[in-house]
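See below for the structure under consideration.
What follows is calculated from the coordinates using simple rules that are stated; it is not laboratory data. All values reported here derive from a predicted model rather than from experimental measurement. Positions of Cβ are backbone-derived with ideal geometry, glycine not excepted, and every protein chain shown enters the neighbour counts.
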Amino acid sequence: MAETIFSKILRGEIPCHRVYEDEHVLAFLDVNPLAKGHTLVIPRQPYETLDQVPDEVAAAMGRVLPRLARAIMAATGATQFNILQNNGPLAHQAVRHVHFHIIPKQDHGGLEIIWRATPLAPPEAEEIVAAIVAKL
């Protein structure tokens, strides 16, 4: 995997504002936040996309996300938040190291999303379900 800013943070070459760490996970404030308290949650190992993360590491990240979200909301006064996770450049992943964004929502600012949904036809849904289930 290519060298990233997160690799340098994990090695201590670049400082960060740590909010949580354990053997699998590091969480720190985003230096270019969308909102006060915007926090990044990364695995200590350098996986590029979520599908590459082993179950044990994914479980460790999943266990800490709700706890961090509660703490961030309490600290910022936010009552709502987004959790965002992108995989690959087409999905807007800027740093090629798995990371979750916890972004508190205030009355204004934060993450803004344009969602262009289209209806799913039942035959297409059945075909997609069958293909996914076959790969599990």
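Below are the figures for this structure:
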item	result
Gap separating the Cα centres of segment 13-38 and segment 70-97, nearest whole Å	11
Using alpha-carbon coordinates, inclination of helix 122-135 to the longest axis of the chain, degrees	60
Choice from Leu26, Leu84, Leu120 with maximal GNM fluctuation in the chain (Cα, 10 Å cutoff)	Leu120
Whole-Hz couplings from phi, Karplus 6.51/-1.76/1.60, listed for segment 45-59; x for Gly and Pro	8, x, 8, 7, 10, 4, 5, 8, 7, x, 3, 4, 6, 4, 5
Those residues of segment 84-105 whose amide nitrogen sits under 20 Å from the label point placed on Lys36, 7 Å along Cα→Cβ	102-105
Extended-chain gain in nm, criterion 0.36 nm per residue less alpha-carbon gap, Glu23 and Glu3	5.1 nm
D_trans [Stokes-Einstein, Kirkwood Rh over alpha-carbon pairs] for segment 61-136, 4 °C, 1.567 mPa s, µm² s⁻¹	83
Tensor-based shape of segment 1-103 (alpha-carbon gyration tensor, a/c under 1.5 rounded, otherwise prolate or oblate)	rounded
Computed [θ] at 222 nm, helices only, for the chain once each DSSP H run of length n ≥ 4 contributes -39500 (n - 2.57)	-10000 deg cm²/dmol
Computed lengthening from Arg63 to Asn87, 0.36 nm per intervening residue step minus Cα-Cα distance	6.6 nm
Within the chain, longest stretch clear of exposed trypsin sites (Lys or Arg not before Pro) (DSSP loop, no more than 13 other Cβ within 10 Å)	12-115
